[in-house]
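Chemist: Take a look at this one; I'll ask things after.
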Amino acid sequence: MAVYATSDLHGHKILYDKIKAMLKPEDKVYFLGDANDRGPDGWELIKTIYEDPQFIYIKGNHEVMFVTAAWDVLEKNDRSDNVMLFYQNGGAKTLTAWKKAGRPREWLNKIMRLPLHAEYTNKDGKVILMSHAGYTPQYMDGGLYIPGEIDLLWERDHVIDYWDDRHFKDYIVIHGHTPSVYLATDTGFRGTEIDAGAYWYCNGHKVGLDNACYATGYAVLLNLDTLEDIVISVD
C-alpha cells in the first residue's frame, strides 16, 4: 500500500484521471483542496474526489468560495460580492455546472463538512501534517497546537516562519494553496520559475504541492513514505 498527497487540481479532471490510473486498489491519496474553478471540470471533480474511497478530501479555500457563492445564488443574490469574487477566480464554469445539476443544497453541506487537517506518520517515523494552506506547528500546553480554519485555508505568512526543531524535528508540513513559484525563502518571495514537482523549503520541514496547474498544466503526487514525487501533466 502506498500513501500519497496531491493538491490544487483546479477543475482539471484529466489530472485526477491520470493519478487514479497510477494507483493500486489499496493505495490512498490525501487531496489537499481546491478541486474546483479555473479549469473546465470543477463541479464534476468536486463530486468525483468526494465520492472516491481512495481519496481523503481536505477542504481548500476555493471550495469555501464556491459554497459561499452558491448559497448566495440560492438566496436569489446572483450578483453578490461573493459570486463576483468566485467569478474573478475562474469559478463561472463550476457554478454554472452546479446550477445545471439542479442547484443541489446537499452538496454544499457536504463540502463545508470536509476536514481541514490530516496527520500521517510514515514508515520512517516522520509525522506529516497536512492542510490546504499549511502552517507552522507550535508546541502549546504540552502538545501540538493546530491553528483555526482561517489560517488552515488562507494563510501564507507562515512560509517565512522560524521552525522549532526542539519539538518538531521529525515533523513535515505538506500543503497546497501557494504556487511553488511564489513560495518564500528566508530572503523573500522567489518570483521566478522553478521546475515542476514538490517544492521543499524551511530546511526540509515544509513542502508545497501547488504547481499552478491552471497555468502550467502540471500537478504533483508525493509519496508520503518515500517522499518521492511524480509530476503529472495535462498533456
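Chemist: How many of the residues making up the stretch 186-203 are open to solvent by 40 Å² or more (accessible area, probe 1.4 Å) and modelled with pLDDT under 80?
Modeler: 9
Chemist: Let me ask something else about it. Kindly indicate whether TRP107 is open to solvent by 70 Å² or more (accessible area, probe 1.4 Å), at pLDDT 95 or above, touching a helix residue (DSSP H, G or I) at 6+ places or on another chain (Cβ under 9 Å) and over 27 Å from ALA215 (Cα atoms).
Modeler: Spelling it out, it is not the case that TRP107 is open to solvent by 70 Å² or more (accessible area, probe 1.4 Å), at pLDDT 95 or above, touching a helix residue (DSSP H, G or I) at 6+ places or on another chain (Cβ under 9 Å) and over 27 Å from ALA215 (Cα atoms).
Chemist: For ARG79, work out the one condition from (1) open to solvent by 60 Å² or more (accessible area, probe 1.4 Å); (2) touching a Lys or Arg at 6+ places or on another chain (Cβ under 7 Å) it doesn't fulfil.
Modeler: Result: ARG79 fails condition (2) only.
Chemist: Looking at the stretch 77-122, which of its residues are under 25 Å from ILE174 (Cα atoms) and among the acidic types (Asp, Glu)?
Modeler: GLU119
Chemist: If we scan the stretch 90-104, do we find a residue that is at pLDDT 95 or above, touching a Leu at 6+ places or on another chain (Cβ under 9 Å), open to solvent by 50 Å² or more (accessible area, probe 1.4 Å) and outside any helix (DSSP H, G or I)?
Modeler: yes
Chemist: Quick test of your reading of the structure: ALA21 fulfils all but one of (1) more than 17 Å from ILE111 (Cβ to Cβ); (2) among the small types (Gly, Ala, Ser); (3) open to solvent by less than 10 Å² (accessible area, probe 1.4 Å). Name the failing condition by number.
Modeler: (3)
Chemist: May I pose another question? Give me the pairs, please: first residue somewhere in the stretch 66-94 and within 18 Å of GLY33 (Cα to Cα), second residue anywhere and of a type in the set (Val, Ile, Thr) and open to solvent by less than 10 Å² (accessible area, probe 1.4 Å), beta-carbon distance under 7 Å, and either six or more positions apart or on two chains.
Modeler: Cβ pairs passing all conditions: PHE66/THR94; VAL67/ILE111; ALA69/VAL83.
Chemist: Which of the residues spanning the stretch 147-178 are among the β-branched types (Val, Ile, Thr) and either within 20 Å of LEU224 (Cα to Cα) or touching a helix residue (DSSP H, G or I) at 6+ places or on another chain (Cβ under 7 Å) (or both)?
Modeler: Those that are among the β-branched types (Val, Ile, Thr) and either within 20 Å of LEU224 (Cα to Cα) or touching a helix residue (DSSP H, G or I) at 6+ places or on another chain (Cβ under 7 Å) (or both): ILE172, VAL173, ILE174, THR178.
Chemist: Next up: I'm checking my understanding of the structure. Among residues of the stretch 51-64 that are touching a residue at least 24 places away in the same chain (Cβ under 8 Å) and outside any helix (DSSP H, G or I), which one is surrounded by the most Cβ atoms within 10 Å (Cβ to Cβ)?
Modeler: Checking each candidate, the answer is GLY60.
Chemist: If you scan the stretch 1-18, which residues turn out to be surrounded by fewer than 24 Cβ atoms within 10 Å (Cβ to Cβ), among the β-branched types (Val, Ile, Thr) and under 10 Å from LEU221 (Cβ atoms)?
Modeler: Matches in the stretch 1-18: none.
Chemist: Here is a follow-up. Look through the stretch 71-89, keep the residues that are in a loop (DSSP other than H, G, I, E, B) and either closer than 15 Å to HIS10 by Cα or among the hydroxyl-bearing types (Ser, Thr, Tyr) (or both), and return whichever of them is farthest from the chain's Cα centre (by Cα).
Modeler: It comes out as SER80.
Chemist: Out of curiosity, is GLU44 open to solvent by 60 Å² or more (accessible area, probe 1.4 Å) and either within 15 Å of SER7 (Cα to Cα) or touching a residue at least 24 places away in the same chain (Cβ under 8 Å) (or both)?
Modeler: yes
Condition check ((1) within 18 Å of TRP107 (Cα to Cα); (2) part of a strand (DSSP E or B); (3) in contact with an Asp or Glu (Cβ under 7 Å, 6 or more places away or on another chain); (4) aromatic (Phe, Trp, Tyr)) across all residues:
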| residue | (1), (2), (3), (4) |
| --- | --- |
| ALA5 | no, yes, no, no |
| ILE14 | no, no, no, no |
| ARG38 | no, no, no, no |
| LEU45 | yes, no, no, no |
| ILE49 | yes, no, no, no |
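Chemist: If you don't mind, another one. Just name the residue that is modelled with the lowest pLDDT out of those in the stretch 117-174 that are aliphatic (A, V, I, L, M), open to solvent by 50 Å² or more (accessible area, probe 1.4 Å) and in a strand (DSSP E or B).
Modeler: The selected residue is MET140.
The values are calculated or read from the model by the stated rules, or taken from the named source; none is laboratory data. Keep in mind it's a predicted model, so treat the numbers as computed, not measured. Every residue, glycine as well, gets a Cβ built from its backbone with ideal geometry; the counts of neighbours run over all protein chains shown. Just the protein is used for accessible areas: all its heavy atoms, side chains included, with ligands, DNA and RNA removed. Shrake-Rupley method; radii C 1.70, N 1.55, O 1.52, S 1.80 Å.
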